[in-house]
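Here's the structure we're looking at; comments come further down.
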Amino acid sequence: MMVPVLLAASEVNVALNVAFGVLAVVMIGAALFVVTTKNVVHAALWLVIVLSGMAAQYLLAAAEFVAVSQVLVYVGAVMVLFLFGIMLTRAQIGAEGNLNNPGWALGIPVALLLLGVMGWAIIDLFGDQTIEEAPGGASTQAISDQILSPYLAPFLAITFVLLAAAIGAIVLARKD
Amino acid sequence: MFAVNFFLLAAVLFCIGVYGVIARRNAVLVLMSVELILNSVNLNLLGFSLINGNIDGHVFALYIIAVAAAEVGVGLAMVMLVYRNRRSIALDDLSEMKG
Amino acid sequence: MLGATGWFLDNAWLIPIIPGVAFALIILIGKRLPMQGSELGVASMAASLVLSVGAAYQWIQRVDDAGGHSEAGTLGLIAGFGRSLTAAQEEGAAYVQPVIRSWTWWESGGASFGYGQHIDGLAVMMLFLVAFISLLVQIYSLEYVRGDRRYTHFFAAITLFSAGMLVMVLGENMIQVILGWEIMGLCSFLLIGHWWEDEANSTAALKAFLTVRVGDIGLLVGTSVLFFGANDWTQENLGTSGFSIQGLSAWALSGEASETVLLWGAVALFIACIGKSGQFPLHTWLPDAMAGPTPVSSLLHSSTMVVAGVFLVARLYPVFWEAFSIPDVSVNFIVVIAGITIVISALLAFVQDDIKKVLAYSTVSQLGYMMLGLGAGAWLPAVFHIFTHAFFKCCLFLCAGSVSHSGSHHSFDMKRDMGGLAKKMPITAGAWIVATLALAGVFPLSGFFSKDEIIDNVGHNGYEVFMYIALFGAFLTAGYMTRATYLTFFGEPRGAAAHASALEAAGAASGRAGASPQNDASGHVPSPGGAADPALEEGRASAGQVGVSPLEDRGVGGLSSEEDDPADPALHGELATAGLAHADHGDAEHHGPHESPKLILIPVCILAFFALTAGFTNAVAFGEDWEQFKEYVEPIAEASDLEAAGAAPRASDLEAAGAASVRSGSSILNDASSHSVSSPAPVQEEGGEEEHASGCGYTAPEEGGICFFPAVSHAEFEWSKAALSLIVVGIGLVGSWFVCVALYSKRSRSLVGLTQRLAPARWGYNFLWNKYYLDHLYEQRIIRSIAHPIARGANWVNQNVIDGVVNGLGIGGRKTGGWVYRNIDQRVVDGAVNASGAAAGGTGHALQPVQSGKVNQYGALLFGAAAVFAIVLVIVNV
């Protein structure tokens, strides 16, 4: 379903759209592997691909700072966390048979239903809206201005969340 | 470039994440699916930011990244705690809250 | 013009806040205080009283200023925080603007709900009254409920009760009125059921609550109806919401109000008043409410609760005035209800043996007078009657409480446990008699001035029939009060009052180990009159002389008083057992009839003093100078528009000369002309038409003018008319006295047992004794006629429809049919219980899998539901 949309969009900016399409296909495929693979470690590695692709998409959307943060935080830190988590909770590295729920098939209709609704709503709402040209990109300075003046309160909240999360993770994972 | 591209990609990733949350039995895999969902939301935010021509979406995407990091940290710590106590992180074994 | 406001007027809203806060404090920390929280209640009421007196004083100043500077025309200050009243700017010459402040509480859909204060003469009078009576009652309660097991609770409830009434009294809008109204309803429930261990009490509390609730529906309906009728008009003309009392008043008088809306709104509100003020046919809860402690009854029946209904009518008087066309008709809904109430409750009071029930019916009857006055256009006398009635009725109740507290061992039965108490409780008896005479309306006492004014004005305003009903009611009032007085304070002492209830007590308390030795002793100790003779059955005549004189001056002797008559210890012992309730306050010196302690006597005496003198605040009989109430309480009806200065001459066209000086408050001209302050047209029999043609409430106000109060007229006082009512009252008093003497003391053969011998008398007595079978009607007929057909219909459906279906199924085979029949029948019989149980259980079981404890399923549900709702949203919005 992406293909016709991409073709239609090609007249706007070919290079951008081609890049987007390729990345999108890769990401979707990788995401599908994340949720279907029988090997936990493989799933984590597929997730790395999705997150990296996401970072590339951010670049396409002219969000350099976010893209860099994505790479640093997700691809770097979070994925390492995941791998450690997998290692600490699973002796077995190879494939296993029972990674899915007995009722896993329920997920398919629910996901398709959601996809249908959201897709319909999105096409209905933004079907023919174009982004003229990717703007030069938000400078890091602009983002920091935003964060530190109008969005200061959520920023402070985030700091507390991170602090609490750090303490909480230590407390939870501590051996005693 | 059509704005709809980002949103559709985000929707697809979101739904894949939803499927993962529903279908997966391993707690770590569920957390990964949640990451997919969060990332799709980020993509959405950046798409809106492009449409509106401001950078509020960027700010929120950063916040979400931060929250996601915190969430993964705590989530994995919980998973490890569960594993230590039960030698298993299969979610269908964790049904003490069953009614 | 607007007079001075002052701190007390501006901050009158504090008056209910203080007891409200005190209530919270009593509930929270009362038990830990040295006096268990009662000091907080008393202190808060005292503070409220101080503020009320201050407000009253400043209000009087304000009115004086307004009278003195009426031509100045300076714009007054309405200290409104939330909004400015346009009416204030349009202030005219005569109408003294109430001190209104309001704050917006919340807004919803264009309707704003405010809270605030609306202080005018009526509110000031009621504030003073409520605070004053509440304070006295609380002081009285200090002694009366001492040692009660829920002492703190009692004071908390009674304080909140006063707060509720105060909230209602100064309410600026109907929402606030409803708030106060409901607070009182709740507190009355709590207080009437104060001793809820006794089932009768909790039943009475429930009955009071539910009966009043029936009426309260009317309040809600009426408020809503009036709000939707008036809101647009008030928003446009006054900038207030349709809940505002002032707005409603102005709207009703504006001539633009829909007749139908007004009528139904007023009827609904009046139904609420019927419930609250115990008017026929919802008066049945009031006597039962006597189950509460006496201070509660006294507070309920004098200045709060029951007066709330009358107050509401007085407050929203323009609404009722217009809705029932009060000036133009000779009979309307209000007066009919009121007239019926006066007579039937007065008749009922004759057959009560319980002293408090006599007073309760008396209250109902007096409320009927107030309603009658309001219904017949005699606003001021009715309000005045609220004022005077509060004093003497409160006094009467407190006297009754005093009698039962110290004289009759917590019995309220006049025939069994009282009599001859005047000698032993002289102060109580004196206060009682003063209050009784005031209630009956004997000349210089307060009741005369108010009641006679009502009767007079009712006749004057064209409701002659009801004037005679009221006169008849006055006769009855004098009669039953004399009966109650005689039974309580005169004649021979009986029962507990005579200490002769020893035998019954001995029988009743034989199980009480500690008491029985003394009881035994009583049989052997000789006593002068043989009162302690075990063979004494009734203990009437002989008991009368007994134990009285020895006990008379004993205040401190108690059980161990050696100087007393030998019979005393025995009697005391018996009484200790007789007065089971005495365990409550358990000090030995309280045995036997004696005068009550000071804490009880002081409030009683203060009230008696007011019962004696309150009438002089509006003693029409003595001329204009004595009519303080008219000057300060009654709002002056005048269209307050910018041309108001011109409006006064317009009204006084008939009297070319000096009309303007009438405006300026010259009482001389008022004397010469009508007593209707608003419309100087003379009140003459033939001049009625002109009078009705001018002034507010008879015609719509001029264009742009806003009228807040109808032009009520006042009858001229004439001694000849007063003499008539005095004669009637005199006949009632004297006649009743002789009948009482004959019946209860001389036991005249022709009278005693008359109700058994004579068929019509018996019938009438039974009719009254059963309270017109109204309770019977409510409980047996109405409830059954509603509940039973439903039950029967359900049964019919069970028997015919379901069984028919069952039989139909059974056609296939007898055995199968029989089995099915039994099966289904079983279900029918077990009925709803099993079905509902099964439904609940089934739902639980059906939903149990959902609560699997599995995160994945929860996730699936969550996202699935989100998707479904998103679809719904899309479909709805497309």
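The values are calculated or read from the model by the stated rules, or taken from the named source; none is laboratory data. Worth saying up front: this structure is predicted, and the values here are computed from it rather than measured. Heads up, the Cβs are rebuilt from the backbone with ideal geometry, glycines too, and the neighbour counts pull from every protein chain shown. Side chains included, ligands, DNA and RNA excluded: accessible areas come from the protein's heavy atoms. Shrake-Rupley method; radii C 1.70, N 1.55, O 1.52, S 1.80 Å.
Residues considered: B:L29, B:L46, B:L38. Largest GNM mean-square fluctuation over chain B, using C-alpha springs under 10 Å, is found at B:L29.
Close amide-amide hydrogen proximity is noted between C:G114 and C:W105, each under 5 Å apart and 5 or more residues distant or on a separate chain (H modeled in the peptide plane; Pro and chain starts excluded).
Under 5 Å from the amide H of C:S244 lie the amide H atoms of C:M174, each residue being 5 or more positions distant or on a separate chain, with H modelled from the backbone and absent for Pro and chain starts. Annotation: amide H-H contacts under 5 Å for B:F2 (H modelled 1.01 Å from N, sequence separation of 5 or more, or interchain): A:I131. Solvent-accessible surface of protein heavy atoms, probed at 1.4 angstrom with all chains present, puts C:F311, C:F609, B:F60 in the order C:F609, B:F60, C:F311, largest first.
Summarising the label geometry, the points placed 7 Å from Cα in the beta-carbon direction at C:D198 and B:N52 lie 7.1 nm from one another.
Phi-derived couplings, Karplus 6.51 cos²θ - 1.76 cosθ + 1.60 at θ = phi - 60°, listed residue by residue for the range C:158-170: 6, 5, 5, 4, 4, 4, x, 5, 5, 4, 5, 5, 9 Hz, with x used for Gly and Pro.
Relative to the longest principal axis of the Cα atoms of chain B, helix B:3-23 runs at roughly 10 degrees.
With 0.36 nm allotted per residue and the present C-alpha distance subtracted, the C:L599-C:V801 stretch has 65.8 nm of extension available. The charge dipole of the range C:276-408, taken about its Cα centre with unit charges on the Cβ atoms of Lys, Arg (+1), Asp and Glu (-1) only, comes to about 200 debye. Legend: mean number of C-beta atoms from other chains within 10 angstrom of residue C-beta atoms, peptide C:861-869, equals 6. Look at the stretch A:28-36: the mean tally of other chain Cβ atoms within 10 Å of its residues' Cβ atoms is 6.
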